[in-house]
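Below is one structure, written out as structure tokens; comments come after it.
All of the numbers you see were taken from the coordinates with simple rules; none came from a lab. Keep in mind that what you see is a predicted model, and the values were worked out from it rather than measured. All Cβ positions, glycine included, derive from the backbone under ideal geometry; neighbour counts span all protein chains shown.
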Amino acid sequence: MTYDLQEEIIKPNESLVLDYFQRVKSGDLSGLLNLFSDDSIIYEPFSKSKYVTGKSEIESFLRIVIMANAGMQQEIKIGKREMKARANENRVVVLVTFYKGGSINGRFTFEFARPGSNKRIHVLAIGYG
């Protein structure tokens, strides 16, 4: 797994995002599930409903994510940070290139639970293209 970080200092939310990808790679389902809040939602392009919500649906989805990522290499780039004072610090956009034979690009947008709460992923939107 390689990282192309825009700045040397990794913010806490970015660290959580990198933890997500490391846990996927290592197959740590329990650790992955603990990164999500109880009311999390994952928007994903693979199912008819286009999203999963709640720990049991998220757990099933993450099992598939772990299996699909087995043996893949990843290049992870955290999106450019906005310098505006109004920048949403509770959102991290990550561009990922997956390699296994060929390559596919994905865009992962992580949004985190409210400030002051335990930092957990509240929304994850996944897109490919």
Practice problem: Multiply the residue gap between F46 and A70 by 0.36 nm, knock off their C-alpha separation, and tell me the result in nm, one decimal place. | Solution: 6.9 nm
Quiz prompt | Packing-based ranking, highest mean first, of 94-106, 20-32 given that Cβ atoms within 10 Å are counted | solution = 20-32, 94-106
